[in-house]
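Here is the structure we will look at.
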Amino acid sequence: MTLQVNQLVKHFGGVKALDGVSFAVQPGECVALIGPNGAGKSTCFACIAGQLAASSGTVAWNGQALLGRTPAQRLRLGIARTFQVAQTFEALTVLQNLQLLLTAPQGLRGWNTLDDSHAEAALDLLARVGLHEQAQRDALTLPYGAKKRLELALALAGLQTATPGSALPSQAKLALLLLDEPAAGLAPIERTELMALVRTLAAGGLAVLYTEHNMDAVFGIADRVLVLMDGVLVAQGSPQVVAANEVVRSRYLGRSFKSRPDALPVKATDHA
Ligand code: ADP
Ligand code: MG
């Protein structure tokens, strides 16, 4: 159960958003993909999850080639994602958001309403992401941090429904979760809590690959860090190794960057 990305290339006209990117992610691993704005992080996610067609290269999950499959087909193989800007169903309550996703594969039966459908499974997922108490709230009124959690629960719900009959704990062992800036726009405390949740998901057996600009959501959280610049991976390895890398320090983190656990949270500069 490994994600294998090999020599991945994506061109947009003359722009090489990805220029031969290779890396692997194992189950239970929490890997951060970092780099300046425009480095190609979101493009990389879209090529793995299927929103974009790669120009060349290969992406395999558990030995199965992903390129050429639709996002729905990839979800069935266990590839789920969230987006840089949270995507939720605003007109529904938090609980209904999950019920809708859990119900979608079969549709509503007979006279059942959405509110009768999969309520228990939906509440379980909300509890997993710490949104249990917000269940009846309209998604529209959620603070942004809670919306990011809801999106995480929706991604887990998608995995649960993609392989009917499989309960999440076993399915999670087979899944890759791609999180594009899961903590973007959050206050430091919310960010810390959300990243702790992300770590818990990886500890439960999920392979997690996430992008992030705030270094306090990378160092101390990620098992491994990949650094992308201008579509090329310039460094990868343990957080300590990456933080000591000369190119990464001079072009992204800044020379004064310290990754000690007691270091103050640092926001990397965007070279947009
Ligand atoms: P990141 O997520 O690291 O900020 P992106 O993957 O969004 O970077 O973008 C990488 C490069 O590809 C940028 O130069 C961006 O302008 C370009 N790009 C991304 N998406 C498109 C698109 N749909 N059409 C044209 N160019 C794009
Ligand atoms: Mg992006």
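None of the figures in this text is laboratory data; all of them are computed from the coordinates on show. These numbers come from a predicted model, not from an experiment. In this analysis, Cβ positions are derived from the backbone assuming ideal geometry, glycine residues included, and neighbour counts consider all displayed protein chains.
A few notes on this one:
- Inter-centroid distance (Cα atoms) of segment 25-78 relative to segment 232-250, Å: 22
- The relative contact order of segment 72-205, computed from alpha carbon pairs under 8 Å that lie at least 6 residues apart in sequence, is 36 percent.
- Loop-exposed trypsin sites (Lys or Arg not before Pro) per DSSP, neighbour cap 14 Cβ within 10 angstrom, longest uninterrupted part of the chain: 110-254
- Size-normalised alpha-carbon gyration radius of segment 18-67, reference 2.2 N^0.38 Å: 1.16
- For GLN87, neighbours were defined as the other residues whose beta-carbon sits under 15 Å from its Cβ, and their charges (Lys and Arg +1, Asp and Glu -1) total 0.
- Global size of segment 68-118: 13.3, 39 Å for Rg and Dmax (C-alpha atoms, Rg to one decimal, Dmax whole).
- Scaled radius of gyration (Cα, divided by 2.2 N^0.38 Å) that segment 43-190 gives: 1.07
- Spherically averaged projected area of segment 186-252 from its Cα convex hull (nm²): 4.9
- Pair-distance profile P(r), taking every C-alpha pair of the chain, with 10 angstrom steps and integer %: 7, 30, 35, 21, 6, 1, 0
- Mean Kyte hydropathy of -1.0 or more with a Cα span along the axis of at least 18 Å, helices from DSSP in the chain: 144-162, 188-203
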